[in-house]
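Quick notes on the structure that follows.
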Amino acid sequence: MTATKFAHGQSNPTFLIESASGKYVLRRKPPGKLLKSAHAVDREYRVMTALAGTDVPVPRTYLLCEDESVIGSVFFLMEFVDGRVLWDPSLPELDKTQRGAIFDQMNRVLAAVHSIDVEAAGLSDYGKPGNYFERQVSRWTGQYRASETKTIAEMDRVINWLQENTPADDGRVALVHGDFRLDNMIFHRSEPRVLALVDWELSTLGHPFADLAYQCMQWRVDGGGIIPGLGDVDRTALGIPSEEEYVRMYCRRMGIDSIPDWNFYLVFSFFRLAAILQGVRKRALDGIASNERAMKLGELVRPLAAMASKLL
């Protein structure tokens, strides 16, 4: 049996396991002292197991091991899905028609996640009741403060604004992925079809518009950086829908007319990603980051906070 670490993945180290019986993927908590509630591989295992056989494509799960004496931390084993991962949202390797089909597929999978009957899936206790955004702003502010390495004025300003401008709870509750983006999907090698949605570490029961706004950040981030985006590309020429068109596709699939407070959801998304990357930066400084890109990603905290601040 051999274990080969995947180069990508910032939070939970992930390995390809090859043995006589086939290929598998092992995902584990990282070593060292961890932030409270972070690196929840047990939650990933639970939600993917619950989604087997639904309209949400996920890898088959095999085993969750919570005995830390086996390899040093909690881990789980899942199916190796043989497909392609598309890293750049401008999809330079595809033609115009294929690009449109890929974005339509992502939209379909997102709507499928938000349409899951959480009670039937056994996930009715997968999140806490009450205003999702109040909880999330509080949680990520706490995580950010716990990993803060220097004062960032824009981040402080955004935190204050979010606390003062959280919309009233509209009662929408759905399964949310928490990190829904192109490179967390494994596509069929030749078809514009999602074989598996992975990296469920941040999933919970919450507000579906948080997932949508998080994905739509890529329309506002320029390409060429460590986080690729669509902000400076000719989307029409490439056959990629605009942010407005993508949101309209989602609304049509979900049977709703529009999304009020869209600006708040975008600000929250930039803030949350900045808070996540501050944790990545702190682990890099402490020498326990999962990836050599961690320090570079940590340098994006201030630019992301600045983008959020401009939206206020």
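The values are calculated or read from the model by the stated rules, or taken from the named source; none is laboratory data. It should be emphasised that the depicted structure is a prediction, and the values quoted were computed from it without experimental measurement. Cβ: placed from backbone, ideal geometry, glycine included. Neighbour counts: every protein chain shown.
Miscellaneous remarks
- In this structure, Val233 does satisfy being β-branched (Val, Ile, Thr) and at pLDDT below 95.
- Test: residue in region 46-61 that is among the small types (Gly, Ala, Ser), part of a loop (DSSP other than H, G, I, E, B) and crowded, with 18+ Cβ neighbours inside 10 Å: no
- Residue in region 106-118 that is surrounded by fewer than 18 Cβ atoms within 10 Å (Cβ to Cβ), closer than 22 Å to Arg248 by Cβ, hydrophobic (A, V, I, L, M, F, W, C) and over 16 Å from the mean Cα position of the chain (by Cα) present: no
- Filter result for Gln136 (at pLDDT below 95 and part of a helix (DSSP H, G or I)): yes
- Per the conditions (1) in a loop (DSSP other than H, G, I, E, B); (2) more than 18 Å from the chain's Cα centre (by Cα), the sole criterion not satisfied by Gly127 is (2).
- The criterion of being among the hydrophobic types (A, V, I, L, M, F, W, C), within 18 Å of Ile102 (Cα to Cα) and buried (at least 19 other Cβ atoms within 10 Å of the Cβ) does not hold for Leu238.
- Qualifying residues in region 142-185 (those that are hydroxyl-bearing (Ser, Thr, Tyr) and surrounded by 20 or more Cβ atoms within 10 Å (Cβ to Cβ)) - the one nearest to Phe103 (Cα to Cα): Tyr144
- Of all residues in region 145-168, none that is at positive phi and not assigned by TED's automatic domain parsing to the domain that holds Met295 has its Cβ atom under 8 Å from the Cβ atom of a residue that is surrounded by 11 or more Cβ atoms within 10 Å (Cβ to Cβ) and part of a helix (DSSP H, G or I), 6 or more apart or on another chain.
- Residues that are more than 18 Å from Met106 (Cα to Cα) and in a helix (DSSP H, G or I), drawn from region 237-257: Ala237
- Arg108 being under 25 Å from Thr14 (Cβ atoms) and among the basic types (Lys, Arg): no
- Filtering region 282-306 to residues that are part of a helix (DSSP H, G or I), in contact (Cβ under 8 Å) with a residue 60 or more places away in the chain and surrounded by fewer than 23 Cβ atoms within 10 Å (Cβ to Cβ) leaves Lys282, Leu285, Ala294, Lys296, Leu297, Arg302, Ala306.
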